[in-house]
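Structure first, commentary second.
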Amino acid sequence: MTKQTPAVHYSITSHDLAAHLFQVTLTIAAPDPAGQIASLPVWIPGSYMVREFARNIIRISASANGKKVALKKLNKTSWRAAPCEGVLQISYEVYAWDLSVRAAHLDQSHGFFNGTSVFLQVHGQEHSPHVLEIQKPVDAAAKNWRVATSLPELKAKRYGFGSYIASDYDDLIDHPVEMGEFALVSFKAHGVPHDFVVTGKVPNLDLARLAKDLQKICETEIAFFEPRSKQAPMSRYVFMTMAVGDGYGGLEHRASTALICNRADLPTKNDASMSEGYRSFLALCSHEYFHTWNVKRIKPAVFANYDLSQENYTSLLWLFEGFTSYYDDLILRRCGLIDEDAYLKLIAKTVNSVQRGSGRKKQSLADSSFDAWTKYYRQDENSPNAIVSYYAKGSLVALGLDLSIRAETQGKKSLDDVMRALWKKFGKDFYAKVPSGKQQGLGEEEFAGLVEQATGVNVKRFIDKYIKGTEDVPLAKLYAEFAVDCLDAGSAKKASLNVRFSKSGADCKLAHVYEQGAAHRAGLSAGDLLVAINGLRVTAADVANGVSNLLAAYNIGETVQVHVFRRDELLNVDLKLQADDAPALTITLASNQKFAGAKKRPSA
């Protein structure tokens, strides 16, 4: 930025709550004399799918010195203003009705937006300071609204409407904003202020417990990357949570995260237990917070300077998402929120979910990462038979790599050392000392060398087999040296259709038909509506237990008559029942006599 380059100004107003419309005014003090180009991103970092945010711009116009300036649309996301003298203003309306962590949502209950959904990028001025004025809505429904964001205040007061400041465009779009009558609790983690914000009705919400548990998670992760200084990479952090009847997800940002969860998963004052839903929510918080280091600052090279106009391809998402998934539950164990047995059950659950799909034998983790834009984020009914999750299998690769490093170095080194080496080389100074637009990230083939440098262990063969190849990570063999038993209970030897049912609607719809299973061999397909088995009607209650109650009367190998609707046509097929082939691995601590000489486990 030169001294002559003024700040880019945005003003956003919750214009019409009932129509879900934001009004945005972009003010450019020094527009390009050849004609200023402005564009909206097609994707948001952290969510690898082209989402075409510009489709939600309802109308747009430009003016200068009180006179209309012509706007020419160049493509699906970009406009060019005609050359003009003086200050250029571009005004536009944005439709906001996507209740997710990825976009924008506005109604009488709250307002939420990510910058990628509402702020046009001013070409040629991306590295200038960006000022945001958040206007208070005039609607009476918003009378008591406050503002939650990690964006630094310029003239606004904390939690208030007014002006905020960003160092550049990338900074501006990396701080989502929540507006509403939210619940709020604050705590400090190694001296850094943290806010936890909840929008949505949660009766008897236990904010004190949330603050206590999250403080443990945050302090453990800060100390993980900076064990000596315990210095966090941000001066303040905000958890923004939308509580709904049915929802789950999160999206990381450099000093905040946007979360959505079932309200039933949040803790209440009358229940001190660690429910599965609350444990899952804490793991989600742990995951997104870990991203503060791993992917927001330690990045693949292609993400160091995003191109928001198109897909940015990398084969490394198994590291940035998979390794984060490994550490999210492990952090819960290390900070004492769950015990060893509970942690090992979570590992077993992940193993079983990965092994359930035959896609893991067809797609490598590297390919899964590269194809995230078209396959993982666009899953369909055949996905279990065609792809592997770089989250789930990536976490198992991280576990396998951790165990391998610990075993080969006699416990002197671990995957923790690798993560800290990545942090020191790529992440620690990513925003602090490197000029904007000049940051560097991890090269596509750089990981193996860094592991060897950090631990002395050569992992090239491991990478070739389990990351670039499609072999299963041999966890039973790797865990054996750590006094942990992996036992395959095998199938329950009960008859099965080998399908997965849709969870939505009253119809008994097949969501997935597993390859070479009984339904597949009988010619059934995803989308078929199961009506009856041997003349008995199949109900939604039957589907809740996988129709095991209806199949309990039959043996594996028996043939049953199945009626299904495919579209509006009734089909009658003979189906030979097969064994339920759902994996049933259990992972437990070994008997006491095996502990002698056992190496220290990552979760010990």
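The values are calculated or read from the model by the stated rules, or taken from the named source; none is laboratory data. Not measured: the values here are computed from a predicted model. Cβ sites come from the backbone with ideal geometry, for glycine too, and all protein chains shown count toward neighbours. The area values use the complete protein model at the heavy-atom level, side chains included, leaving out ligands, DNA and RNA. Shrake-Rupley method; radii C 1.70, N 1.55, O 1.52, S 1.80 Å.
Sorted largest first, the spans of the alpha carbon positions of the range 166-322 along the three principal axes are 48, 38, 31 Å.
Mind putting a number on the dipole of the range 34-160 about its Cα centre? Charges go on the C-beta only, +1 for Lys and Arg and -1 for Asp and Glu, and I need it in Debye to the nearest 20. Mind dumping the intermediate values first?
Details: 16 positive and 9 negative charges, 29 e Å.
Dipole magnitude for the range 34-160 comes out near 140 debye.
What full-extension length gain, to one decimal in nm, is calculated for ALA541 and ASP341 as 0.36 nm per residue of separation minus the Cα-Cα distance? Provide the component values of the computation, followed by the final result.
Values: separation 200, 0.36 × 200 = 72.00 nm, distance 3.19 nm.
Result for the pair: 68.8 nm of gain on full extension.
So for the range 328-473, considering every pair of alpha-carbon atoms, how many percent are separated by more than 18 Å? Distances greater than 18 Å cover 65 percent of the Cα pairs.
Per-residue SASA remark: MET240, around 10 Å² accessible (1.4 Å probe; ligands, DNA and RNA not included).
Show THR455, THR374 ordered by accessible area, largest first, where the area counts protein heavy atoms only and the probe is 1.4 Å.
Numbers: THR455 15, THR374 80 Å².
From most exposed to least exposed: THR374, THR455.
Shown here are the Rg and Dmax of the Cα trace of the range 262-390, at 16.8, 49 Å. Placing a label point 7 Å from the Cα of VAL50 along the Cα-to-Cβ line, the residues of the range 365-390 whose backbone N sits under 14 Å from it are 372-375, 378. Relative contact order, whole percent, for the range 211-369 stands at 20, derived from Cα pairs under 8 Å and 6 or more residues apart.
Using the Cβ-Cβ distance between GLN453 and ALA34 with R0 set to 41 Å, the FRET efficiency from 1/(1 + (r/R0)^6) comes to roughly 0.30. Hydrophobic, long helices, defined as DSSP H runs whose alpha-carbon span along the helix axis is 15 Å or greater and whose mean Kyte-Doolittle value is at least 0.0, occur in the chain at 207-225, 392-408. Can you list the aspartates and glutamates whose alpha carbon sits under 13 Å from that of LYS68, skipping same-chain ones fewer than 8 residues off? In chain and number order, the partners are GLU85.
A cut-off of 5 Å between modelled amide H atoms, ignoring neighbours fewer than 5 places along the same chain, links MET49 with ILE44.
When ligands, DNA and RNA are left out and all protein chains stay put, how many square angstrom of accessible area per residue does the range 298-337 have with a 1.4 Å probe?
Numbers: 1010 Å² over 40 residues.
Each residue of the range 298-337 exposes 25 Å² on average to a 1.4 Å probe.
Can you work out the FRET efficiency for the pair SER235 and ASP16, with r the C-beta to C-beta distance and R0 = 45 Å, to the nearest 0.05? Between SER235 and ASP16 the formula returns 0.80. About the centre of its Cα atoms, the chain shows a dipole size close to 900 debye [charges on the beta carbon of Lys, Arg (+1) and Asp, Glu (-1) only; nearest 20 debye]. In angstrom, the C-alpha Rg and Dmax of the range 40-108 are 14.5, 41.
For VAL238, the residues 5 or more places off, or on other chains, whose built amide H falls under 5 Å of its own are ASP195, SER256, THR257. Restriction of the trypsin sites (Lys or Arg not before Pro) in the range 398-450 to DSSP coil positions whose beta-carbon has at most 13 other beta-carbons within 10 angstrom yields LYS412, LYS433, LYS438. In order along the range 507-516, the Karplus-derived 3J(HN,Hα) couplings, from 6.51 cos²θ - 1.76 cosθ + 1.60 at θ = phi - 60°, round to 6, 8, 8, 7, 8, 9, 10, 6, 4, 6 Hz, and Gly and Pro are given as x. Of all lysines in the structure, the ones whose alpha carbon falls short of 18 Å from that of LYS468, not counting any fewer than 8 places away in one chain, are LYS361, LYS362, LYS375, LYS393, LYS460.
Loop-only GluC sites (Glu not before Pro) in the range 165-258, please: DSSP not H, G, I, E or B, and at most 15 other Cβ atoms within 10 Å. Listed in order of number, the matching sites are GLU181. Can you list the lysines whose alpha carbon is less than 16 Å from that of LYS412, not counting same-chain residues fewer than 8 positions off? In chain and number order, the partners are LYS599, LYS600. Placing dummy labels 7 Å off each Cα toward the beta-carbon, the span from ALA590 to LYS201 is 5.4 nm. Dividing the mean sequence gap of close Cα pairs (under 8 Å, 6+ apart) by how many residues the range 499-604 holds gives a relative contact order of 21 percent.
The share of accessible area on the range 1-84 that comes from carbon and sulfur is 52 percent, using a 1.4 angstrom probe.
Taking amide H as placed 1.01 Å from N in the peptide plane, ILE298 has no amide H partner under 5 Å among residues 5 or more places away or on another chain. LEU207 sits with roughly 40 Å² accessible to a 1.4 Å probe, with DNA, RNA and ligands left out of the calculation. What nm value, rounded to one decimal, do you get for the distance between LYS155 and ALA208 when each label is placed 7 Å out toward the C-beta? Output for this residue pair reads 4.1 nm. Spin-label model, VAL87/ARG378: points 7 Å from Cα along the beta carbon direction are separated by 4.3 nm. Going by accessible surface with a 1.4 Å probe and the largest first, ILE37, ILE58 read ILE58, ILE37. Kirkwood-type hydrodynamic radius, the range 416-488: 14.8 Å, calculated from all non-identical alpha-carbon pairs.
Once the dipole of the chain is set up with Lys and Arg at +1 and Asp and Glu at -1 on Cβ about the Cα centre, which of GLY160, VAL244, SER353 lies farthest towards its positive end? In the chain, that residue is GLY160.
What relative contact order, as a whole-number percentage, does the chain give when Cα pairs under 8 Å and 6 or more residues apart are counted? Can you show the working numbers first?
Values: 1268 pairs, mean separation 60.3, N = 604.
Reported relative contact order: 10 percent.
Solvent-accessible area of the range 433-532 (1.4 angstrom probe, protein heavy atoms only): carbon and sulfur portion equals 47 percent.
Averaged across orientations, what area in nm² does the convex hull of the alpha carbons in the range 516-604 project?
Working: hull surface 38.7 nm².
Here the figure is 9.7 nm², rounded to one decimal.
For the range 367-426, the per residue solvent-accessible surface stands at 40 Å², with DNA, RNA and ligands left out and a 1.4 Å probe.
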